[in-house]
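Engineer: Sharing a structure, written as C-alpha cells. Questions coming.
The values are calculated or read from the model by the stated rules, or taken from the named source; none is laboratory data. Note that the structure is a prediction, hence the values are computed from the model and not measured. FYI the Cβ positions are ideal-geometry reconstructions off the backbone, even for glycines, and counts take in every protein chain you see.
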Amino acid sequence: MDLIWDGLVKAVEILINLDPEVLEVCWLTLKVSGIATLISVMIGVPLGCILALSRFPGRNFLVSLTNLGMGLPPVVVGLWVSIFLWRSGPFGSLGIIYTPAAMIIAQAVIASPIVISFTLAAIQQINPRLRLQLLALGANRAQLFWGLIKEARLGLLAAVMAGFGGVVSEVGASMMVGGNIKGMTRVLTTATVMEVSKGNFDVAIALSVILLLLAYGVTALLTTLQQWRSSYE
Amino acid sequence: MNKVIEIKDLKLILGGQTILNLPAFSVLREESISIMGPNGAGKSSLLLIMAALQEPTQGTVSYFGRKANNQTLLDVRRRMALVFQKPMLLDGTVLDNVEAGLRFRHLDRKTREMRIHAALDKLRISHLSRRRARSLSGGEAQRVALAQALVLEPEIIYLDEPFANLDKDTRQDLMEEIRVVLRSQRITTVMVTHHRSEAETMTDKIYYLEDGEIIGTESLNAES
C-alpha cells in the first residue's frame, strides 16, 4: 500500500511542479497518439464505409481480416514496422526509425483496423432506408457518403475513442520503433516500463496515473462531443 | 402526351422469387395514377424501380424518353421525388430535412430559402421548422416528408402509401391539400395505396397489381 501511496504522492508532486521532462513526455504522447489516431481515421472511416456499403467477392474475408486486425499485438506491429524502416529495410532510406514519425506509423497501423471495424459497425447499424432516402433526395456518391457519416457520428466518435485508447496505451510498438530515446521518442508508456525496470516504482506509478488522466481527459472530451447532440433530442 | 416512364419486358427477381413481371407499363406526363394490390404484390418494388432506386433483373426502363445509364442516373433521380410510407427523416431539424435535396442540387441560398418557405407554408409546418425532425408525431413527420419532396419541384412524384400512418381526419385534410398542390403544379403522380378512397381523391387511374403483374386498370373521374 505504501508503494501505491508513494506513487500517488509522486504523481501529485510531478503535476504540481510541472516537471518539464514529464511535460515533454506527455506532449509527445499526445502528439504521437493524436496524429496516429487522425491518420487511422482518415484511412479507416472511408474503408469502413466502403466495406459497409458495398458487396464484392472477398468482402467477408476483408471484414474478418479487419476484425482480426483489432487484436493485432503491438509488439508484432512494432517488429514489422521496424523491419520496413531499418536502414537495410525497404523504407530505410527515409531514415525515420527511432523517430516520432516511426511511432506514428506503427500506432496508425494498430489503430486503423479498430477504426475500420467500428466504422463498419456504425454504418451497418444505420437504417438501410436512409440510404434510399438520401438517394431519392438526389444525393450523389459523395453526398450519400457524407449523409451516412453524419448519421453514424456517434458510432464514429466511438471509433475515434477506441482508436486513440488502443494506441495511447500500447508500449511494444513504440518501444521497438521509437527506442524510448530521452527527449525524442520517450512517451508515457515507454517511460513507465523503463522506470519499472530501474526499480523506480513510485515514479512508474506516477507516470501511469498521469497516463490514465491524459487518456481520460481526451476520452471525456470526445464523450462530451458524442453525447452533446443526443442529449437534447 | 409523352411518356415520362416507359417499362418494357421488366422482370424483378429477388432471392429466386419473381417480384415483378411487367411486359409493358408506362406513365404519361402530368398523369396521376394509383397502384393498388395486396401486400407483396410488388407495388413498392415497382415504385423503387420507377424512382431509379432499384435495378430490374431484366428489361428496360426509360425515363423522360431515355434509358438511364450510370452517367445520367443522378440527373434522372433529381427530376423525381419519392415519399416513403414511413418517413425516414434525417437526424436534424425540419429545416435541415426540407433543405437537404436542394443542397444536394447546389441551389443558391436565396432560391433554397424561397422554396423552403413555400413548401413549409403549403404543408402548414412553418412553425415546426426548428424542431428536431425525429421528435415529430407521425402526421407531422409525414408532412415534412411531403415538403421534402415538393420543395424539389419534381416532374414526377412517387407516393408510397403516404397517408397510411395517419388518423382519419389528418389523412383527409392532408390528402386534399396535397391533391391541390400536385394538380396546381402539374406534377406527374404515381401513388401506391391500399385505399380506394385515396386513389379516387388523388388520382385519375388505378392499376391493379397482383403477384407482380398488372391484372387490370380503371379510369376514375379526375375531378372526384
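Engineer: Consider A:LEU79 carefully, then state whether it is within 23 Å of A:PHE164 (Cα to Cα), free of Cβ contacts under 8 Å to residues at least 40 places away in the same chain, of a type outside the set (S, T, N, Q) and part of a helix (DSSP H, G or I).
Structural biologist: Judged against the criteria, A:LEU79 is not a match.
Engineer: Another one. For residues in the stretch B:185-197 being polar (S, T, N, Q) and at pLDDT 90 or above, which is surrounded by the most Cβ atoms within 10 Å (Cβ to Cβ)?
Structural biologist: Applying the filter and picking the extreme gives B:THR193.
Engineer: Among the residues of the stretch A:208-227, is any within 14 Å of another protein chain (Cβ to nearest Cβ), in contact with a helix residue (DSSP H, G or I) (Cβ under 7 Å, 6 or more places away or on another chain) and in a helix (DSSP H, G or I)?
Structural biologist: Yes, there is a match, as at least one residue in the stretch A:208-227 is within 14 Å of another protein chain (Cβ to nearest Cβ), in contact with a helix residue (DSSP H, G or I) (Cβ under 7 Å, 6 or more places away or on another chain) and in a helix (DSSP H, G or I).
Engineer: Among the residues of the stretch B:98-117, what is the count of those that are facing chain A (nearest Cβ under 9 Å) and without any contact (Cβ under 8 Å) to a residue 40 or more places away in the chain?
Structural biologist: 2
Engineer: Can you name the number of the only condition in (1) more than 9 Å from chain A (Cβ to nearest Cβ); (2) under 23 Å from B:PHE163 (Cα atoms) that B:MET80 fails?
Structural biologist: (1)
Engineer: For the structure I just gave you, tell me whether B:LEU95 is touching a residue at least 40 places away in the same chain (Cβ under 8 Å) and either in contact with a helix residue (DSSP H, G or I) (Cβ under 9 Å, 6 or more places away or on another chain) or part of a strand (DSSP E or B) (or both).
Structural biologist: In short, no.
Engineer: Being buried (at least 21 other Cβ atoms within 10 Å of the Cβ) and not aliphatic (A, V, I, L, M) is the filter here; which residues of the stretch B:141-159 pass it?
Structural biologist: B:GLN142, B:ARG143, B:GLN148, B:PRO154, B:TYR158
Engineer: So how many residues does the stretch A:178-199 have that are surrounded by fewer than 15 Cβ atoms within 10 Å (Cβ to Cβ) and not in a helix (DSSP H, G or I)?
Structural biologist: The number of residues fulfilling the criteria is 5.
Engineer: Which condition number in (1) within 13 Å of chain B (Cβ to nearest Cβ); (2) over 29 Å from A:ALA220 (Cβ atoms) is the one that A:ALA152 fails?
Structural biologist: (2)
Engineer: Of the numbered conditions (1) away from every other protein chain (no Cβ under 14 Å); (2) assigned to a helix (DSSP H, G or I); (3) at pLDDT 90 or above; (4) buried (at least 20 other Cβ atoms within 10 Å of the Cβ), B:ILE178 fails exactly one; give the number of that condition.
Structural biologist: (3)
Engineer: Quick check on the stretch B:18-36. Is at least one of its residues among the acidic types (Asp, Glu) and free of Cβ contacts under 8 Å to residues at least 60 places away in the same chain?
Structural biologist: no
Engineer: Taking the stretch B:55-65 on its own, how many of its residues are more than 14 Å from B:ILE156 (Cβ to Cβ) and touching a helix residue (DSSP H, G or I) at 6+ places or on another chain (Cβ under 8 Å)?
Structural biologist: Final tally of qualifying residues: 2.
Engineer: Let me ask you something else. Take the residues in the stretch B:113-133 that are of a type in the set (Lys, Arg) and under 21 Å from the mean Cα position of the chain (by Cα), then tell me which one is surrounded by the fewest Cβ atoms within 10 Å (Cβ to Cβ).
Structural biologist: Only one residue fits best here, namely B:ARG124.
Engineer: Sticking with this structure for a sec: Residue check: is B:GLY37 surrounded by 20 or more Cβ atoms within 10 Å (Cβ to Cβ) and at pLDDT below 95?
Structural biologist: yes
Engineer: Same structure, new question: A:ARG141 - would you say it is more than 24 Å from A:GLN227 (Cα to Cα) and either touching a strand residue (DSSP E or B) at 6+ places or on another chain (Cβ under 7 Å) or within 14 Å of chain B (Cβ to nearest Cβ) (or both)?
Structural biologist: Against the criterion (more than 24 Å from A:GLN227 (Cα to Cα) and either touching a strand residue (DSSP E or B) at 6+ places or on another chain (Cβ under 7 Å) or within 14 Å of chain B (Cβ to nearest Cβ) (or both)), A:ARG141 qualifies.
Engineer: Ok, one more. Does any residue of the stretch B:154-165 turn out to be part of a helix (DSSP H, G or I) and charged (D, E, K, R)?
Structural biologist: no
Engineer: Name every residue in the stretch B:198-224 that is crowded, with 18+ Cβ neighbours inside 10 Å and among the hydroxyl-bearing types (Ser, Thr, Tyr), in order of residue number.
Structural biologist: B:THR201, B:THR203, B:TYR207
Engineer: Is at least one residue of the stretch B:118-125 within 23 Å of B:SER32 (Cα to Cα), within 14 Å of chain A (Cβ to nearest Cβ) and without any contact (Cβ under 8 Å) to a residue 40 or more places away in the chain?
Structural biologist: Checked the stretch B:118-125: at least one residue is within 23 Å of B:SER32 (Cα to Cα), within 14 Å of chain A (Cβ to nearest Cβ) and without any contact (Cβ under 8 Å) to a residue 40 or more places away in the chain.
Engineer: Oh, and also: Could you please give the count of residues in the stretch A:100-137 that are in a helix (DSSP H, G or I), within 14 Å of another protein chain (Cβ to nearest Cβ) and surrounded by fewer than 21 Cβ atoms within 10 Å (Cβ to Cβ)?
Structural biologist: Qualifying residue count for the region: 5.
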